[in-house]
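Readers should treat all values here as calculations from the given coordinates under stated rules, not as data from a laboratory. Predicted model, so just to flag it, every value in this text is computed and none were measured. Here the Cβ positions follow ideal geometry from the backbone for every residue, glycine too, while neighbour counts run over all protein chains shown.
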Amino acid sequence: MTLPPLRFEPILRNRAWGGDRLANWGRVLPATGGIGESWDLADLPPTIAGGISRIAEGPLEGRSLADLRAERSGELLGRLSPASTGGFPLLVKLLDAEDDLSVQVHPDPSYAAEHPEAFVKNEAWFVLEARPGAAVYRGIKDDVTPELFLEALREGRLLECLVRIEVRPGDCVRLPSGICHALGAGVLVIEAQTPSDTTFRVWDWDRNDPARPLHLEAALECMRFGERQHDGRPAVISLDQATPVSHDGITTRRLCSTDDFTIDHVELADRRLEITTDDEPTVLTGVSGTAQVLDAEGRSTRLAAGDTVLIPASCPRPEVRSDSSASILQINLPLVSPRTLA
């Protein structure tokens, strides 16, 4: 038995910082606005309400990703194991920051090991839209100690401690667990991450919203300072900085490489892209243009800009076809290299 390429119904999340730009990326938004997140591939624990994706079309329409994982694990995951949460080992979202997100951090491995309810959350952002001058905050300045950090927080000077990075479309920001960060106002991103919803807020721009509590003590246990923030990999890489690898008209650029996933930007240029799964699932997210993802049995699904498609490990000879010059992100678990068809 094999599984076809799978597209899921978006799970929309209202957020204090959300806007309405996800409508430009195929989402049907409520009139009230304020939608900050679209969860497009999710298999989180049942304790997180609405945290499991459902298949959008075809014979499996309406089935949850959790059901598929439980009943057809070998066909879905192949040689991969589920995440530490028990679910599919990747979570993919779109984030629309109309306003600034909280300054926050996610559990590092040592904290997660001591707190069973907390899970490591390694992330990467690929910027789809950014207003002029828009920025992200990524890391703490090297000369800031925990004591100076707390002093600045008490005195309302926290932003002085953070590394501010202006971004533009095509930038990819790597965010390991333990790195203090915030998505700035005016930025819309694709977020790929390990499947966790554990976030510790340090500062919320003085919103003082009881529904958004701060978690300073836990955050400080996880937060990296000084040289511990640097692991020899670039924090941010843009499309024009990444090394292009071209073959048969298709250009691939490696934007992010972590222990949990890799992200490649692929320009299709009216070509057919064969995906070699190697008995592991692959995830595709559309960046521009429109494409179709097909398999050897003729089963297909749409891959438009903003769409996410899961290619199961058992999917027979999957390929991506585009009638126009489309571009996509290919997220591998772990590394799988794309190949073109003759």
Stick to the Cα atoms of the stretch 1-131, pair each with every other, and give me the Kirkwood hydrodynamic radius in Å at one decimal. 16.5 Å
So, in nm, how far is label His115 from label Thr290 when the simple model puts each one 7 Å beyond its Cα toward the Cβ? 4.5 nm
Cut-off 16 Å, label 7 Å out along Cα→Cβ of Lys141, residues of the stretch 209-229 by amide N: 225-227
A student applying the Cα gyration tensor rule (rounded when a/c is under 1.5; otherwise prolate if a/b is larger than b/c, oblate if not) would label the stretch 124-271 prolate
Checked the stretch 244-340 with the C-alpha gyration tensor, a ≥ b ≥ c its square-rooted eigenvalues, rounded below a/c of 1.5, otherwise prolate if a/b is larger than b/c and oblate if not; verdict rounded
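Grab the Cα-Cα distance for Leu220 and Thr2, subtract it from 0.36 nm times how many residues apart they are, and report the gain in nm with one decimal. Could you put the intermediate results ahead of the total?
Numbers: separation 218, 0.36 × 218 = 78.48 nm, distance 4.60 nm.
That pair, Leu220 and Thr2, stretches by 73.9 nm at full extension.
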Can you give the FRET efficiency for Thr251 and Val28, using 1/(1 + (r/R0)^6), R0 = 22 Å, r = Cβ-Cβ distance, to the nearest 0.05? 0.10
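How large is Rg over Rh for the stretch 6-233, taking Rg from the Cα atoms and Rh as the Kirkwood inverse mean of 1/r across Cα pairs?
Using only Cα positions, Rg/Rh for the stretch 6-233 is 0.97.
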Per the stretch 69-180, sqrt(5λ) over the Cα gyration tensor eigenvalues, sorted largest first, in Å, gives 32, 21, 11
Could you tell me which of Gly133, Ala152, Gly86 has its Cα farthest along the dipole of the chain towards the positive end, charges placed at Cβ (Lys, Arg +1; Asp, Glu -1), taken about the Cα centre? Gly133
When the chain is fully extended, how far beyond the present Cα-Cα distance does Ser238 get from Ser324, taking 0.36 nm per residue of separation? 28.6 nm
